Amino acid sequence: MKFKTTALPLALLALAACGPGGSGGVTDCNLSGTVDTQVTLTPTACNPYHVTGDLYVEEPGKLVIEPGTTLEFAQDTGLYVSGHGALVAVGTAADKVTFTGASKTRGYWNGIVFQSFANSFDNELKYAVIEYAGADERWDGGAFGNYRAAVELAEEARTKMTYCLVRESEGFGVFMADDAFFGADSSPDGDFAHNTLTQNGAGPIAIYDNKLGHLDASNDFSGNDAGHDYVYVGAGYSDIPTQTWQNLNVPYLIMDKASVGDGELLTIEAGATLVFDQDAGLEAYGQASAIRAEGTATEPITFTGKQPIKGYWAGLHFNDSDSADNVLRYVIVEYGGGEDPFLGADAKGNIVVSSAGNASHQRITIEDSTVRYSLHWGISVAQETADTINNVTYDGNNDGDYQKRP
């Protein structure tokens, strides 16, 4: 049996369990099974709605949830969107849409999952509260391995998400696969903005480096469990395209080696903090790749290790890059110079400019900055590098402050 969009208040509440995990015919204010036509849930019909089994929105279905409506999920159930099926949960500042657990316990229900290729342009969460989810342990296959999240965007999935509150997840507030989208494309069009991701067990958001341009400073990522106030950044799937990493209210935690693609420009805003996990790093690779990090005297950009240990992370690397956009100004680079298997033993430091023989020379500008606590050199550059280095303060670099390699 399918839903029909009618004005009858209780006729809208019966879903047949024709999708996986359904519980059979349900009535009254109980929901489960599959939505494969347009269904509208209103607070005047039921409040709350009780989701008693997994709820699936499948093409051509569209689940529209009106302002002020609450969906209360039974233990280990979830809301799953697939294909061109669409979830439209748009509340208002005064009347939010609420997705919650029947018990107000972390990880009580699974969460909202935009499954692989759930890419309807109608998907939207606005003025929504998603709480007490994250029960379902899922497998990423990349940087995050097993993870839990209250809201998940799997591969090629998309949704807009603005003015939402995601809290009390057993895992992350939000997980985003490396080829998912907030909104229509990979541009930061305000389609993930003004959200609050707080009081989550594993942190506010897990996201890949090539998607960080979606995040803007209007989001609040603070107030999660102790030691987890980071934007967790996976790396290694795709090169970083041209984008800007904004100054968020928590640091970025780079979990692996992130690479800016050839012909692409990564811009890092003043005041941003990038924290690197062990052996992680950031590089511009290719003649036309570039990293431009320009802080100010009052808002420097910080590149540091998760642990204050010399050599904890690999450092900033500029490999065969001849771009005039390679600029580090008013930055602090510290606790790098660690292991990088792609660099020779003589090319290790907090900042390394290297040549793989594919470019005639390299280029970098470093000014008004602090370079300190490297396991090896503070700055190490290839012989042919055109470098402009002014007003740099060095401290505690084991092999020395500056090296131009022969």
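Only Lys, Arg, Asp and Glu carry charge here, each on its Cβ (+1 for the first two, -1 for the last two); on that basis the chain has a dipole of about 740 debye about its Cα centre.
Couplings for the stretch 43-54, taken from phi via the Karplus curve 6.51 cos²θ - 1.76 cosθ + 1.60 with θ = phi - 60°, read x, 6, 7, 8, 7, x, 7, 9, 8, 8, x, 3 Hz in order; Gly and Pro are left as x. Inter-part distance, the stretch 359-393 to the stretch 73-115, computed on C-alpha centroids, equals 50 Å. Of all aspartates and glutamates in the structure, those lying under 15 Å Cα to Cα from LYS96, and not within fewer than 8 positions of it along the same chain, are GLU66, GLU72, GLU124, GLU131. Nonpolar atom fraction for the stretch 259-406, defined as the carbon and sulfur part of the 1.4 Å probe accessible area, stands at 45 percent. Is the C-alpha gyration tensor of the stretch 128-175 telling us rounded, prolate or oblate? Criteria: a/c under 1.5 is rounded; beyond that, a/b larger than b/c is prolate, otherwise oblate. Here the stretch 128-175 falls in the oblate category.
Amide H to amide H distances under 5 Å link GLY78 with ASP54, LEU55, ASN110, where only residues 5 or more positions off or on other chains count and H is placed in the peptide plane. Taking the accessible area of the stretch 110-150, probe 1.4 Å, and keeping the other protein chains in place, the carbon and sulfur fraction comes to 37%.
Sorted from largest to smallest, which semi-axis lengths in Å does the alpha carbon gyration tensor of the chain give for its equivalent ellipsoid, taking the root of 5 times each eigenvalue? If you can, show how the numbers build up before the last one.
Values: eigenvalues 453, 68, 56 Å².
Listed largest to smallest, the semi-axes of the chain are 48, 18, 17 Å.
For the listed residue pairs LYS126/LYS160; LYS104/LYS126; LYS62/LYS126, the alpha carbons are over 19 angstrom apart in LYS104/LYS126. Placing unit charges on each Cβ (+1 for Lys and Arg, -1 for Asp and Glu) gives the stretch 237-279 a dipole about its Cα centre, and among ALA272, MET255, TYR237 the Cα reaching farthest toward its positive end belongs to ALA272. Amide hydrogen proximity for ASN30: with H placed 1.01 Å from N in the peptide plane, the residues at 5 or more positions away or on another chain lying under 5 Å are HIS50.
The charge dipole of the stretch 28-85, taken about its Cα centre with unit charges on the Cβ atoms of Lys, Arg (+1), Asp and Glu (-1) only, comes to about 140 debye. Under a Gaussian network description of the chain, with springs only between Cα atoms under 10 Å, the residue in VAL392, VAL39, VAL113 that fluctuates furthest is VAL392.
Could you tell me which of rounded, prolate or oblate describes the stretch 69-129, using a ≥ b ≥ c as the square roots of the eigenvalues of the alpha-carbon gyration tensor, with rounded for a/c under 1.5 and, failing that, prolate when a/b is larger than b/c and oblate otherwise?
Details: a/c = 2.95, a/b = 1.20, b/c = 2.46.
Oblate, because a/c is 1.5 or more while a/b does not exceed b/c.
Quick check on the stretch 100-168: take the gyration tensor over C-alpha atoms, sort the square-rooted eigenvalues as a ≥ b ≥ c, and tell me if it's rounded (a/c under 1.5), prolate or oblate. Oblate, because a/c is 1.5 or more while a/b does not exceed b/c.
The aspartates and glutamates whose alpha-carbon is closer than 14 Å to the alpha-carbon of LYS306, local same-chain residues fewer than 8 away aside, are ASP229, ASP256, ASP277, ASP279, GLU334. Summarising the label geometry, the points placed 7 Å from Cα in the beta-carbon direction at ASP122 and GLU59 lie 1.3 nm from one another. Each Lys and Arg Cβ is given +1 and each Asp and Glu Cβ -1; about its Cα centre, the stretch 255-406 then shows a dipole of about 240 debye. Multiplying the residue separation of TYR237 and GLN278 by 0.36 nm and subtracting their alpha-carbon distance yields 12.9 nm.
Quick one: length gained pulling ASP76 to ALA93 fully straight, 0.36 nm per residue minus the C-alpha distance? Before the final figure, lay out the partial values.
Working: separation 17, 0.36 × 17 = 6.12 nm, distance 2.89 nm.
So the extension gain works out to 3.2 nm.
Hey, which lysines would be in cross-link range of LYS310, C-alpha to C-alpha under 30 Å, not counting anything within fewer than 8 residues on its own chain? Hits, sequence-local ones excluded: LYS211, LYS257, LYS348, LYS404.
Grab the Cα-Cα distance for ALA324 and ASP395, subtract it from 0.36 nm times how many residues apart they are, and report the gain in nm with one decimal. Walk me through the numbers on the way to the answer.
Working: separation 71, 0.36 × 71 = 25.56 nm, distance 2.69 nm.
Gain on extension, ALA324 to ASP395, equals 22.9 nm.
Along the Cα-to-Cβ line of SER103, 7 Å from the Cα, sits a label point; which residues in the stretch 170-184 have backbone N less than 18 Å from it? Those under the cut-off are 170-171.
What FRET efficiency would be calculated for the residue pair ALA297, THR388, taking the C-beta separation as r and a Förster radius of 25 Å, to the nearest 0.05? Write out the running numbers ahead of the final one.
Values: r = 19 Å, r/R0 = 0.75.
E(calc), rounded to 0.05, equals 0.85.
The mean accessible area for residues of the chain, using a 1.4 Å probe and ignoring ligands and nucleic acids, is 37 Å² per residue. Other residues whose C-beta falls under 11 angstrom from the C-beta of ASN146 contribute a net charge of -1, scoring Lys and Arg +1 and Asp and Glu -1.
In sequence order, the stretch 64-81 has phi-based couplings of 10, 10, 7, x, x, 7, 10, 10, 10, 9, 5, 4, 6, 9, x, 10, 10, 10 Hz under the Karplus curve 6.51 cos²θ - 1.76 cosθ + 1.60, θ = phi - 60°, and Gly or Pro positions carry x.
The values are calculated or read from the model by the stated rules, or taken from the named source; none is laboratory data. Since the structure is predicted, the reported quantities are computational estimates derived from the model, not experimental observations. Every residue, glycine among them, receives a Cβ derived from its backbone with ideal geometry; neighbour counts consider all protein chains shown. To get the accessible areas, we keep the full protein, side chains included, count just its heavy atoms, and leave off ligands, DNA and RNA. Shrake-Rupley method; radii C 1.70, N 1.55, O 1.52, S 1.80 Å.
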